[in-house]
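Novice: Below is the structure I would like to discuss, written out as structure tokens.
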Amino acid sequence: MKSLAIDDVVNFMSDNSFSKKILIGYSSPLQDFELQEIGTKTGSEIFEYGGELSVRFDSFTKENEFHFDGISSPNHSRVPSFLLFEFIQCSLDKNSNPIFKLLDCELVLSDLDNHLKSFLATRKIIIKGHGNPAMPEFPADFSFYPIQEVCGRKVLRMHLPSANPGLVEIREDSVYSLNENIEIGIEGLSGCDAYELFQELNKTIERSAALIKFRPEPGLLAVVNNNFCFHGREAPKSVSSRILRRTQYFKRLR
Ligand SMILES: [Fe+2]
């Protein structure tokens, strides 16, 4: 894996043909002025949180399955275009430094059979619940079509419950995600049938060439097109000591 300079990130985010959706390499931690410079050079706005340019995730015990950021924001008004993940500190102990996953949501569609694709194109995913109590401004109560067109290209849009049976509960018309305190349902399907479909999707993704998995290490930088990719991570077996910093950029699509 090569070292990335600011210009590599700028070029990646400026490519309107989206020929690459994921950029991974090494970089020293970016300073605030460098994060700003990337925004200025690519015509992107940084979504700030509490006056900070980035959010720092320094411990977690729960798994975070495949999703794209911003979907729970009111009217999806804060869906970032690009995510910049910096792995600042990682444990040498694999148990507390679980695998990170990135998925090309356009490419993965070729792994789904046509019957499933046409089914998903017409059924909404319905999310209900209270979500994260620390973020009441983002109530987890929304719906969306799981196959959508972005810039004229079809992509899978999904918020998948865990593939780990211990982290989900089947309800009458949804699957309850214990991690996230939300119910995820599929329009017109029982909870049982929705669970089967989510499991099928999880298995397909796990086998797909569109999936990139890596063990985080300090100095790794991953820049991801959030409109075309999911990210996710496996659950740590012990409390994670990983320090991950995430910066979100919004760039108006042409
Ligand atoms: Fe996320």
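A short reminder: the numbers here are calculations on the coordinates, not readings from a lab. Computed from a predicted model, the values in this text were never measured in an experiment. FYI the Cβ positions are ideal-geometry reconstructions off the backbone, even for glycines, and counts take in every protein chain you see.
Novice: I need C151, C90, C105 ordered by Cβ neighbour count within 10 Å, fewest first.
Specialist: Details: C151 12, C90 20, C105 26.
By the 10 Å Cβ count, ascending, the order reads C151, C90, C105.
Novice: How would the chain be classified by its alpha-carbon gyration tensor: rounded, prolate or oblate, with rounded meaning a/c under 1.5 and the a/b versus b/c comparison settling the rest?
Specialist: Verdict is prolate for the chain.
Novice: Let me ask another. What residues have an amide H closer than 5 Å to that of N64, excluding those fewer than 5 places away on the same chain, when H is modeled at 1.01 Å from N in the peptide plane?
Specialist: Sorted by chain and number, the residues that satisfy this are R233.
Novice: Report the gain in length on full extension from E52 to Y26: 0.36 nm times residue separation, minus Cα-Cα distance, nm rounded to one decimal.
Specialist: Numbers: separation 26, 0.36 × 26 = 9.36 nm, distance 2.31 nm.
So the extension gain works out to 7.0 nm.
Novice: Sticking with this one: For the range 71-134, just say rounded, prolate or oblate: build the C-alpha gyration tensor, square-root its eigenvalues into a ≥ b ≥ c, call rounded for a/c under 1.5, and beyond that prolate if a/b exceeds b/c, oblate if not. Don't skip to the answer; put the middle values down first.
Specialist: On the way: a/c = 2.11, a/b = 1.38, b/c = 1.53.
Taking the square roots of the gyration eigenvalues as a ≥ b ≥ c, the range 71-134 is oblate.
Novice: Right, another one. Would you mind checking the tilt of helix 32-42 against the longest principal axis of the Cα atoms of the chain, expressed as 0 to 90 degrees and rounded to 10?
Specialist: Here the helix axis deviates by roughly 70 degrees.
Novice: Sticking with this structure for a sec: State, to one decimal in nm, how far the label point of F214 lies from the label point of E45, with both points 7 Å from Cα in the Cβ direction.
Specialist: 3.0
Novice: Give the cross-link partners of K21 among the lysines, using a straight C-alpha distance below 16 Å as the criterion and excluding same-chain residues fewer than 8 apart.
Specialist: Straight-distance partners of K21: K101, K154, K213, K251.
Novice: Please work out how much length the chain gains when fully extended from R252 to S238, using 0.36 nm per residue of separation minus the C-alpha to C-alpha distance, in nm with one decimal.
Specialist: Values: separation 14, 0.36 × 14 = 5.04 nm, distance 4.00 nm.
Gain in length upon complete extension: 1.0 nm.
Novice: Can you give me the C-alpha center-to-center distance between the range 155-229 and the range 1-54, rounded to a whole angstrom?
Specialist: The range 155-229 and the range 1-54 have Cα centres spaced 26 Å from each other.
Novice: If we count other beta carbons within 10 Å of each Cβ, what is the order of F144, F12, fewest first?
Specialist: On the way: F144 14, F12 21.
Placing the least packed residue first, the sequence is F144, F12.
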